[in-house]
Amino acid sequence: MVLRDISLIGFKNISDDRLALSDGINCFVGDNGAGKTNLLDAVHCLSMAKSMLTMTDSQSVRHGDEFFVLDGCFVADDGRQEQVCCSYSRRSGKTLKRNGKEYERLSDHVGAFPIVVVSPADSALISDSADERRRYLNSFISQIDKAYLTALIRYNAALAERNKLLKTQPEQAMIEIYDRLLCQSGEHIHTRRREIIDQMKPLVENYYALLCEERETIGIEYRSELSERPLSELLEASLQRDLANRFTTCGIHRDDMVLSIGGYPLRKYGSQGQQKSFLIALKLAQYTILSDRKCERPILLLDDLFDKLDMHRVAQLLSIVAGEKFGQIFITDCNKVRLQSTLDRAAAAYRLYNVGNGEIRQ
Ligand SMILES: Nc1ncnc2c1ncn2[C@@H]1O[C@H](COP(=O)(O)OP(=O)(O)O)[C@@H](O)[C@H]1O
Ligand SMILES: [Mg+2]
């Protein structure tokens, strides 16, 4: 999948721009605050119908403007062309169109234009709560499994209702209705998360070894109460506790993905370079799985390429992603000379754009 061109109106600090893109590596260089990440976020919006930064749509509208419009022409690996238009107005909300036709549900768009992001914001996967890791898994698995996204939406709706009910001294029969709904979708979500983490593990190990000379063993483990007992039993056993706490204390909304290095938690014992390499390996594993499942090479966004990486690891990363298995890539960096010399050394062909004050010039 490649994005052949993109036009942006009123998106963050980009007032009006139109770009033709290379099918290979596209590099965006410019000072901090120039708008490089904003441009990548626009690409993400077209692919996933939402920002890659946890922002509301209205925050993406340029200050003082009323709306933004993003329009892009995608070309699939088989040559099929698709026009995607994502617009948002402060007054009437978001609209997403594919080949001129508006989607009934935004979720129908997810997965049709696969994308993988490597960004400094990934560090939240290590340092923040399990919430961030679940969000990551959800977004990843939703791209390959429509039923997963549907199950997730149902689960969250049932969970919210059950929690509301728990605040009102409910009858047990009422609770059981929601328990059944939670079990139906919860078990599906659990199975898919387990499968995907099992599949990721050897790939992450492999990419980590390619990126780093050191040979620490790395670990990635799915932690879920549902691995011990079925959700129906868990809910039954925790009912008294749930009633006392007035919310649901067990289920897949408490799952985690535990990351380790040399047998110790990555967060506490990994150096910055190791943590970053781990996260990149995770994303490359995600790329490989998406690519295999969709028979389509995803778009790869590498925001702030040199973030926490030395020259050597950047060169390793570039040599991996310049290979056949990878497709279109977007790279940003604030140092043009550094980026150009690294790419030249990797003998990778690229197109360079300068970004300044929300304007992008080739
Ligand atoms: N809604 C918005 N309207 C106008 N400017 C915005 C908006 N959101 C972010 N910005 C501006 O975009 C700039 C950050 O751009 P960004 O793409 O993150 O820079 P970088 O090139 O460092 O990646 C900041 O100056 C910020 O003020
Ligand atoms: Mg940036």
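The values are calculated or read from the model by the stated rules, or taken from the named source; none is laboratory data. Values in this document were obtained by computation on a predicted structure and should not be read as measured data. Cβ coordinates were reconstructed from backbone atoms using ideal geometry, including for glycine residues, and neighbour counts include every protein chain displayed.
What to note about this one:
- Candidate set: region 178-212, residues that are in contact with a Lys or Arg (Cβ under 9 Å, 6 or more places away or on another chain) and not hydroxyl-bearing (Ser, Thr, Tyr); chosen: the one modelled with the lowest pLDDT: Cys212
- Restricting the search to helices (runs of 4 or more DSSP H) fully inside region 227-303 and requiring at least 2 residues that are over 26 Å from the mean Cα position of the chain (by Cα) and not hydrophobic (A, V, I, L, M, F, W, C) gives 231-237, 239-245.
- Residue within region 207-223 that is more than 18 Å from the chain's Cα centre (by Cα), closer than 21 Å to Glu132 by Cβ and surrounded by fewer than 17 Cβ atoms within 10 Å (Cβ to Cβ) present: yes
- Residue count for region 27-53, restricted to those that are out of contact with any His (no Cβ under 9 Å at 6 or more places or on another chain) and more than 15 Å from ligand 2 (Cβ to nearest atom): 2.
- Residues that are within 16 Å of ligand 1 (Cβ to nearest atom) and surrounded by fewer than 18 Cβ atoms within 10 Å (Cβ to Cβ) were ranked within region 345-358; the one that is farthest from Asp16 (Cα to Cα) is Leu352.
- Taking each residue of region 340-353 that is under 16 Å from Gly30 (Cα atoms) and looking for partners that are among the basic types (Lys, Arg) with beta-carbon atoms closer than 7 Å, six or more apart or interchain, yields Tyr353/Arg361.
- Considered as a group, the residues in region 153-178 that are within 17 Å of Ser232 (Cα to Cα) and under 24 Å from the mean Cα position of the chain (by Cα) include one that is surrounded by the fewest Cβ atoms within 10 Å (Cβ to Cβ), and that residue is Asn156.
- When Leu96 is tested against (1) away from ligand 1 (no atom under 13 Å from the Cβ); (2) in contact (Cβ under 8 Å) with a residue 12 or more places away in the chain; (3) within 30 Å of Ser319 (Cβ to Cβ), just one condition goes unmet, and that condition is (3).
- Long-range neighbours under 6 Å by Cβ, at least six apart or interchain, first residue in contact (Cβ under 8 Å) with a residue 24 or more places away in the chain within region 273-296, second charged (D, E, K, R) and surrounded by fewer than 24 Cβ atoms within 10 Å (Cβ to Cβ): Lys276/Lys308; Leu279/Asp122; Ser291/Arg297; Glu296/Asp77
- Only residues that are away from ligand 2 (no atom under 16 Å from the Cβ) and touching a helix residue (DSSP H, G or I) at 6+ places or on another chain (Cβ under 7 Å) were counted in region 99-129, giving 11.
- Any hit, region 97-111, residues being at pLDDT 95 or above, in contact with a Lys or Arg (Cβ under 8 Å, 6 or more places away or on another chain) and hydrophobic (A, V, I, L, M, F, W, C): no
- Every residue from region 320-344 that is of a type outside the set (A, V, I, L, M, F, W, C), part of a helix (DSSP H, G or I) and exposed (fewer than 15 other Cβ atoms within 10 Å of the Cβ): Lys336, Ser341, Asp344
- Restricting attention to region 14-41, the residues that are within 12 Å of ligand 1 (Cβ to nearest atom) and in contact with a strand residue (DSSP E or B) (Cβ under 9 Å, 6 or more places away or on another chain) total 14.
- Within region 42-69, considering residues that are of a type in the set (D, E, K, R) and more than 7 Å from ligand 1 (Cβ to nearest atom), the one surrounded by the most Cβ atoms within 10 Å (Cβ to Cβ): Lys50
- The criterion of being of a type outside the set (Asp, Glu) and within 19 Å of Ile144 (Cα to Cα) holds for Pro114.
- Output for region 70-99, where each listed residue is in contact with a strand residue (DSSP E or B) (Cβ under 7 Å, 6 or more places away or on another chain) and either surrounded by fewer than 10 Cβ atoms within 10 Å (Cβ to Cβ) or basic (Lys, Arg) (or both): Arg90, Lys94, Lys97, Arg98, Asn99
- Total residues in region 13-27, condition more than 24 Å from Ala112 (Cβ to Cβ) and part of a loop (DSSP other than H, G, I, E, B): 1
- Top-ranked residue of region 293-330 - restricted to ones that are within 15 Å of ligand 2 (Cβ to nearest atom) and aromatic (Phe, Trp, Tyr), ranked as modelled with the lowest pLDDT: Phe306
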